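*Asks:* Sharing a structure here in structure tokens format.
The values are calculated or read from the model by the stated rules, or taken from the named source; none is laboratory data. Quantities reported herein were computed from a predicted structural model and do not represent experimental measurements. Cβ atoms come from the backbone with ideal geometry, glycine included; neighbour counts cover every protein chain shown.
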Amino acid sequence: MEMNQYLEVFIEESKEHLQTCNVQLLELEKNPEDLSIVNEIFRSAHTLKGMAATMGYEDLANLTHQMENVLDAIRNSKIKVSSLILDVVFMAVDDLEAMVFSIAEGGDGKREVSEIVQKLAMIEKGESLGSLKAMDEAAAAVMEAETAVTYHPEYDQFEQTVIQQSKEQGFQCYEISVTLREDCLLKAARVFMVFEVLEKCGEVIKSIPAVNVLEEENFDQSFLVSIVTIESQEDIKNKILKVSEVHNVSVRLVELEKGKEQPSINHDINVPSRQEMPERQPNKMEETSALHNAKKDERKEPAPSKQAAAGNKTIRVNIERLDILMNLFEELVIDRGRLEQISNDLNHPELNETVERMSRISGDLQNIILNMRMVPVETVFNRFPRMIRQLARDLNKKIELEIVGAETELDRTVIDEIGDPLVHLLRNAIDHGIETPEIRRQNGKPEEGTVTLKAYHSGNHVFIEISDDGGGISREKVLKKAVSQGVVTEETASSLPDRQVYELILASGFSTAETISDISGRGVGLDVVKATIESLGGSITIDSELGEGSTFSIQLPLTLSIISVMLVEVEKEKYAIPLSSIIETAIIKKEDILNAHNQKVIDFRGKVVPLLFLEDVFEVAKREEDEFHSVVIVRKGDRMAGLVVDSFIGQQEVVLKSLGNYLTDVFAISGATILGDGQVALIVDCNVLIK
């Protein structure tokens, strides 16, 4: 039986079952007496075991079987749930995830798991937990000894050829061993920065451990990179040492022995390119749910049946194909608008009827295309509870994670990129925001700190907020460090508002060891976070209150290029305001406008709403004031504003086009669109105006 046709389904379903195990194990820790949770984990493990055995992945099946035995003993009341037992089960799930990712990347799914299998067997037999602790201490001693061992990479025939040809052209190949500091919390971020430095020096040809292992921080403190470059050893070493939290760098020249072919090696080596570090999978596939009974008899060829046909109703589509489809549809929307304009001008009954029908059909088609690309942010959020549990245990803190708005949908391309910045911000909040239980008691706070992860839509943007009820950020300490490092001058520092002061910690080079101790650790890895978010067309802001906590707010574009807008006119200029930002439109009298704190406001349904005249915002030539004003009431979160325009044109669906590289910083404009009559209308960014 040919198994390759089922490989994609096996990988996706395995990831789903392992995610279920992670989520339910966290629930079990909170409710150790609830056997229904154990049964849920057991079912996922049992299904995974059957699928792995059917596909021929014996190591994966054997480890799952041993984990299944422990779960069976728990549900039969032979052993009681404890944190130490769950730690071992979590370690088993980590190994299973590593095997599945290995298979997804073309590997054989094999992994050395004898130690974890031995621990699970001890738990199943009811042996003392002290034995497990002794094993952990022994393993830690071995690991500590292994960290001192230097990697000795071996090169395959292709890599040897690359090195040899590069040398003939005047380049050299160096093996660069990098060791991070023991207290480095954001290892993946530092690895990313090291690779960024190296890729400016030359071409990276090998990495040990593999790039995906480095991204997931599944390594100790050291890693090795082989690079072909024209720069000197000393220059490369000095450049890497400038990366914060790098403890040591050693550079060795690679000399290949002529005529001697090196043996193949067992390391899972991945050759990173410039694009590979940010994205583990260059060809991202659109995830769709798929049902497949993996426990089929290997000896029998599956016969086609109605039942089998009914189950095969999903396919996986490469995201690049969806991009092409979206681009074609954007052009169709522009032509549709033009056709509607011509139809209105000619006023031909049959033409009008045909255009209306085409508009309805293309509207339905548009919704389908957009929904195909949308993914709930819970696909990213789901991995955080497990991470926070482990960090809280490592730091001896009590932390509760609250997730709000996990059903909020984002475009798939943004979902793929936002995971790492959120990991860094959450770790920052846990390690440096939330205080220890002792300090929280002294400050009159509950011992358990709270970190809130919230997502919501506002206009044509999605906002993700990470809030903590920890110690907050000290304005004085941030300014002191910023002045000492030359980030700002003393004269400028005194006049900066609080929000701008807090955002200084996002500056490149601000996250140093001294900063960690002086400024409650704020800034660790945040330069990398800011760069990633801005590369997505987003922005990050920080609010904090000393002693009360901090909120990091990320604003991201939906990246949906077709949006519904209200077209308005200011003088002879046309502007488009996204419908998703609009509460309602109104006509107000001139005498209804009031003044409060040097700001023109109106009373809107019992609330004071500030007015913004778009003719002033965009510096349009003013005309004589009318007795009445047309106002568009917009909102961002719980804040509102009234945009004063000359007149309303009407609702329309438009294609959002970028203003290009030369107009990246135009205030309050998120893009432009081509209207049906060929005119260009600028799209107003209401979120910026409300700020």
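*Asks:* Give the stretch 624-633 a look and list any residue that's surrounded by fewer than 18 Cβ atoms within 10 Å (Cβ to Cβ) and assigned to a strand (DSSP E or B), or say none.
*Replies:* Within the stretch 624-633, just Phe628 meets the criteria.
*Asks:* If you don't mind, another one. Kindly check whether there is at least one residue in the stretch 447-456 that is outside the structural domain of Val191 (by TED's automatic domain parsing), more than 20 Å from Leu546 (Cβ to Cβ) and buried (at least 20 other Cβ atoms within 10 Å of the Cβ).
*Replies:* Yes; the residues of the stretch 447-456 include at least one that is outside the structural domain of Val191 (by TED's automatic domain parsing), more than 20 Å from Leu546 (Cβ to Cβ) and buried (at least 20 other Cβ atoms within 10 Å of the Cβ).
*Asks:* Out of Ser226, Ser207, Ser250, I need the residue that is buried (at least 16 other Cβ atoms within 10 Å of the Cβ), more than 24 Å from the chain's Cα centre (by Cα) and assigned to a strand (DSSP E or B). Which one?
*Replies:* Within the list Ser226, Ser207, Ser250, the selection yields Ser226.
*Asks:* For the structure I just gave you, tell me whether Val191 is of a type in the set (A, V, I, L, M, F, W, C), crowded, with 16+ Cβ neighbours inside 10 Å and more than 23 Å from Leu425 (Cβ to Cβ).
*Replies:* no
*Asks:* Is at least one residue of the stretch 186-195 in a strand (DSSP E or B) and in contact with a Ser or Thr (Cβ under 8 Å, 6 or more places away or on another chain)?
*Replies:* No, every residue in the stretch 186-195 fails to be in a strand (DSSP E or B) and in contact with a Ser or Thr (Cβ under 8 Å, 6 or more places away or on another chain).
*Asks:* Out of all the residues in the stretch 673-688, which are part of a strand (DSSP E or B), within 9 Å of Val654 (Cβ to Cβ) and touching a helix residue (DSSP H, G or I) at 6+ places or on another chain (Cβ under 9 Å)?
*Replies:* Passing the criteria: Thr673, Ile674.
*Asks:* Confirm whether Lys636 is under 36 Å from the mean Cα position of the chain (by Cα), modelled with pLDDT under 80, surrounded by fewer than 18 Cβ atoms within 10 Å (Cβ to Cβ) and not assigned by TED's automatic domain parsing to the domain that holds Ser362.
*Replies:* no
*Asks:* Something else: Among the residues of the stretch 639-661, what is the count of those that are closer than 19 Å to Pro557 by Cβ and either of a type in the set (Ser, Thr, Tyr) or assigned to a loop (DSSP other than H, G, I, E, B) (or both)?
*Replies:* 4
*Asks:* Here is a further query. If I filter the stretch 567-585 down to residues being small (Gly, Ala, Ser) and modelled with pLDDT under 90, which single residue comes out as surrounded by the most Cβ atoms within 10 Å (Cβ to Cβ)?
*Replies:* My answer is Ser581.
*Asks:* Report yes if Ser564 is surrounded by 17 or more Cβ atoms within 10 Å (Cβ to Cβ), among the hydroxyl-bearing types (Ser, Thr, Tyr) and in contact with a strand residue (DSSP E or B) (Cβ under 7 Å, 6 or more places away or on another chain), otherwise no.
*Replies:* Values: surrounded by 17 or more Cβ atoms within 10 Å (Cβ to Cβ): no; among the hydroxyl-bearing types (Ser, Thr, Tyr): yes; in contact with a strand residue (DSSP E or B) (Cβ under 7 Å, 6 or more places away or on another chain): yes.
So Ser564 fails the test.
*Asks:* Here's something else I'd like to know. Would you be able to say whether some residue in the stretch 87-104 is closer than 26 Å to Leu26 by Cβ, modelled with pLDDT under 85, in contact with a helix residue (DSSP H, G or I) (Cβ under 7 Å, 6 or more places away or on another chain) and surrounded by fewer than 19 Cβ atoms within 10 Å (Cβ to Cβ)?
*Replies:* no
*Asks:* Now for a different question. With respect to Ile562, is the statement that it is hydrophobic (A, V, I, L, M, F, W, C) and either more than 30 Å from Val655 (Cβ to Cβ) or at pLDDT 80 or above (or both) true?
*Replies:* no
*Asks:* Another one. So if I check each of Glu215, Glu182, which one is surrounded by 18 or more Cβ atoms within 10 Å (Cβ to Cβ), under 29 Å from Val529 (Cβ atoms) and touching a residue at least 12 places away in the same chain (Cβ under 8 Å)? Explain how you work it out, then say what you get.
*Replies:* Numbers: Glu182 fails: surrounded by 18 or more Cβ atoms within 10 Å (Cβ to Cβ).
It is Glu215.
*Asks:* Let me ask something else about it. Looking at the stretch 402-414, which of its residues are under 14 Å from Ala429 (Cβ atoms), surrounded by fewer than 16 Cβ atoms within 10 Å (Cβ to Cβ) and β-branched (Val, Ile, Thr)?
*Replies:* Within the stretch 402-414, no residue meets the criteria.
*Asks:* I'd like the full set of residues that are more than 36 Å from the chain's Cα centre (by Cα), under 22 Å from Ile674 (Cβ atoms) and either assigned by TED's automatic domain parsing to the domain that holds Thr673 or not hydrophobic (A, V, I, L, M, F, W, C) (or both), limited to the stretch 329-358.
*Replies:* Arg338, Glu340, Gln341, Ser343, Asn344, Asp345, Glu356
*Asks:* Ok, one more. Surrounded by 14 or more Cβ atoms within 10 Å (Cβ to Cβ) and touching a Leu at 6+ places or on another chain (Cβ under 7 Å): is that true of Ile399 in this structure?
*Replies:* no
*Asks:* Continuing with the same structure: Would it be correct to say that Gln66 is at pLDDT 85 or above, closer than 24 Å to Glu378 by Cβ and not basic (Lys, Arg)?
*Replies:* Numbers: at pLDDT 85 or above: yes; closer than 24 Å to Glu378 by Cβ: no; not basic (Lys, Arg): yes.
The answer is no for Gln66.
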